[in-house]
1. Filter segment B:30-70 for residues that are surrounded by 14 or more Cβ atoms within 10 Å (Cβ to Cβ), more than 13 Å from chain A (Cβ to nearest Cβ) and under 30 Å from A:PHE44 (Cβ atoms) and give the result.
2. Where in segment B:71-157 are there helices (runs of 4 or more DSSP H), lying wholly inside it, with at least 2 residues that are under 30 Å from A:VAL40 (Cα atoms)?
3. Looking at segment A:115-138, which of its residues are within 14 Å of chain B (Cβ to nearest Cβ), over 13 Å from A:ILE158 (Cβ atoms) and not in a loop (DSSP other than H, G, I, E, B)?
4. Which one of A:ALA197, A:ALA226 is modelled with pLDDT of 95 or more, farther than 23 Å from A:GLU114 by Cα and within 14 Å of another protein chain (Cβ to nearest Cβ)?
5. Among the residues that make up segment A:354-364, is at least one of them in contact with a Ser or Thr (Cβ under 8 Å, 6 or more places away or on another chain), under 18 Å from A:VAL277 (Cα atoms) and of a type in the set (Gly, Ala, Ser)?
6. In segment A:279-296, which residues are in contact with a Gly (Cβ under 7 Å, 6 or more places away or on another chain) and either in a loop (DSSP other than H, G, I, E, B) or crowded, with 16+ Cβ neighbours inside 10 Å (or both)?
7. Looking only at segment A:1-60, filter to residues that are farther than 22 Å from A:LEU137 by Cα and among the basic types (Lys, Arg); which one of those is farthest from the other protein chains (Cβ to nearest Cβ)?
8. Are any of the residues in segment A:157-167 assigned by TED's automatic domain parsing to the domain that holds A:GLY231 and in a helix (DSSP H, G or I)?
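The values are calculated or read from the model by the stated rules, or taken from the named source; none is laboratory data. Since the model is a prediction, treat every value here as computed from it, not as a measurement. For neighbour counting, all protein chains shown are included, and Cβ atoms are generated from backbone atoms with ideal geometry for every residue, glycine included.
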Amino acid sequence: MNITEKILARASGKTSVSPDDVVFVNVDKVMVHDVSGPGVMAVFEKLRKKGMIIDKIWDPERVWVAEDHFVPAADKISAQNIVSLTNFTKQFGIKKHFKYGMGQYGICHTLSHEEAMVLPGEVYVGGDSHTNTTGALGAFAAGLGHTDVAYVLLNGKIWFKVPETLFFKINGKLPDHVMAKDLILKIIGDIGTDGAAYKTMQFGGTGVSEMSVESRLTLTNMTTEAGAKSGIVEPDQKLRDYLAARGVTKYDEVHEDSDAQYEKIYEYEGSEMEPIVAKPFSPENTVVARDLSSVELDKAYIGSCTGAKLEDLQAAAKILKGKTVKIRTEILPAAMSIFRKAMDQGLLKIFMDAGVVVGPPTCGACCGAHMGVLAKDEICISTTNRNFPGRMGHVESQTYLASPLVAAASAVTGKITDPRDLK
Amino acid sequence: MEPFKKIKSIATPLDKVNVDTDQIVPKQFLKLIQRTGFGQYLFYDWRYEKGTPRKDFVLNDPAYANSKILLARDNFGCGSSREHAVWALDDYGFRVVISTSFADIFYNNCFKNGVLPIRVSDDILQKLFSIKSEIEVDLETQSIKADGIQVSFHIEPHWKKILLEGLDDIAVTLLHESEIVRYEKSHKT
């Protein structure tokens with residue numbers, strides 16, 4: 001069995017499973033945030049109206065809560081939303097609620113790894129489509145709708161159809177001017193936004209073992225944009241070191257068998273990769289960054305669970321050091337722990353010296369909610385994950401998706417810029 | 001949920017690919033904790049301009065006012081996992097969405113809310129887009145009938161049972177998980 005099949009077999013108490021089998025699995029961790037939390041509350045309300053008594057959930061210790069989409073509250077209804085979420089966690093005795101303005105908080109998918117909320121070999125589900133991100137920690141991680149999350153909160157179980165696995169084998173290290181973001185955009189451009197529908201995307205090969213855990217998280221994060229059920233990377237020493245640095249050393253890793261099967265294997269040569277940009281209005285709309293050097297921009301955005309981890313900020317700082325931005329530029333670290341490290345490493349000074357606004361962790365403008373959304377006809381280069389119409393603001397604004405290196409280089413020139421071409 | 005048997009209706013043609021859930025229900029309407037009333041926000045940014053219905057958007061065409069079937073293009077329901085997207089379609093009156101492909105989470109969310117998503121080939125979808133008369137969707141026989149067309153569609157057996165009987169997925173799975181696994185196994189193609 002491959003790693004995904006083995007995790008699902010173990011979690012369902014079976015010795016073996018195959019693609020298309022329906023399995024009921026025991027869930028290890030569940031996450032809700034300030035969009036799915038209220039969604040789950042609405043489902044609970046519906047069930048109560050039908051006469052169901054809901055006064056407790058399955059296991060409050062295995063549930064954690066993030067505030068990310070609508071913090072800081074931009075209006076009264078957002079503020080009320082957070083109050084509702086807080087009442088929900090109090091009512092059901094959920095202790096792990098990362099609250100805005102109270103120490104560590106941030107984007108749910110970033111907290112999942114920064115706080116080691118999910119461990120290798122676990123089954124993790126969340127009320128958000130980018131839950132796939134956490135598969136880079138060697139876990140089965142998948143997003144669910146509100147009814148499914150409500151079901152898991154009540155029962156601790158969920159059924160899955162065992163997905164087929166597409167294996168992406170990356171041979172050799174990526175060049176210095178190329179990031180994991182470029183690679184995943186390239187892959188999505190090749191297979192399309194439904195190229196991995198209902199499937200798992202597994203990443204391996206020497207290119208992936210050479211990569212940091214944060215880079216791997218960028219790959220699994222955007223498996224969602226290829227329609228994947230989940231994304232996964234097999235655990236290795238780098239992952240163990242990453243988790244040990246967060247105080248976690250005990251977990252039950254799952255490794256694939258020597259005869260593991262995949263539906264298909266795709267191979268990429270790391271050294272041949274180039275900076276890639278996805279044009280509006282789809283993540284599959286990819287071209288090499290150099291082909292877009294005439295595109296003039298209004299804004300650069302470095303944020304989100306995809307593109308505001310520590311190494312993303314370090315990459316941006318490498319470009320912005322000693323430079324001044326030519327367009328409106330915002331950098332929003334994805335969690336407070338990353339914000340602090342950026343401060344300790346002097347990155348914030350580099351950003352501010354360059355004229356950039358540095359803001360608090362939030363999904364903010366990535367999902368077009370608040371904190372710097374786009375006006376009609378504005379054009380943005382962004383380290384985020386989606387560029388559908390209206391994603392970051394007005395339905396007639398445009399978003400180009402890129403790596404932090406490309407976004408920072410473009411901020412300096414005001415046009416889409418390959419970092420190699422920055423003088 | 002209302003049992004789903006047969007739906008006969010004019011189909012609303014939404015001729016766009018990669019329609020993501022943010023277009024189905026824009027994020028500004030997610031901060032509500034009730035489950036009902038989302039129909040008024042369905043495709044809001046396409047449907048309205050400064051609060052006034054846009055004449056060029058298909059939902060505002062009176063010909064489709066009572067439509068229960070939505071025709072969509074590839075990868076419908078991609079993007080955010082928000083279940084509000086299905087709540088809005090259902091609340092507006094759509095009980096069937098026909099496309100060549102759907103995003104995974106959206107597809108699953110449909111069944112939990114009494115909406116039937118149907119995958120068809122490119123050819124069939126193209127034909128359905130060109131038909132102006134009513135289309136009949138029969139879940140029992142898993143067939144679509146329209147002017148000059150009769151095709152069958154696939155649906156996982158337990159989803160069919162849930163829709164036909166109007167069962168609530170959460171209630172069903174609470175009681176009958178082993179049954180679902182058996183049911184799927186016995187009907188595996």
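1. Those that are surrounded by 14 or more Cβ atoms within 10 Å (Cβ to Cβ), more than 13 Å from chain A (Cβ to nearest Cβ) and under 30 Å from A:PHE44 (Cβ atoms): B:GLY39, B:TYR41, B:LEU42, B:LYS68, B:LEU70.
2. Values: elements: B:84-92, B:104-111, B:122-130.
Ranges flagged: B:84-92, B:104-111.
3. Result: A:SER129, A:HIS130, A:ASN132, A:THR133.
4. Working: A:ALA197 fails: modelled with pLDDT of 95 or more.
Step by step, each of A:ALA197, A:ALA226 is checked, and only A:ALA226 is modelled with pLDDT of 95 or more, farther than 23 Å from A:GLU114 by Cα and within 14 Å of another protein chain (Cβ to nearest Cβ).
5. No, because not a single residue in segment A:354-364 is in contact with a Ser or Thr (Cβ under 8 Å, 6 or more places away or on another chain), under 18 Å from A:VAL277 (Cα atoms) and of a type in the set (Gly, Ala, Ser).
6. Let us first name the residues in segment A:279-296 that are in contact with a Gly (Cβ under 7 Å, 6 or more places away or on another chain), namely A:284, A:286, A:296.
Correct list: A:GLU284, A:THR286.
7. Among residues in segment A:1-60 that are farther than 22 Å from A:LEU137 by Cα and among the basic types (Lys, Arg), the one farthest from the other protein chains (Cβ to nearest Cβ) is A:LYS56.
8. First pass over segment A:157-167, keeping only residues assigned by TED's automatic domain parsing to the domain that holds A:GLY231: A:157-167.
Narrowing the set further to residues that are in a helix (DSSP H, G or I) leaves none.
Within segment A:157-167, not a single residue is assigned by TED's automatic domain parsing to the domain that holds A:GLY231 and in a helix (DSSP H, G or I).
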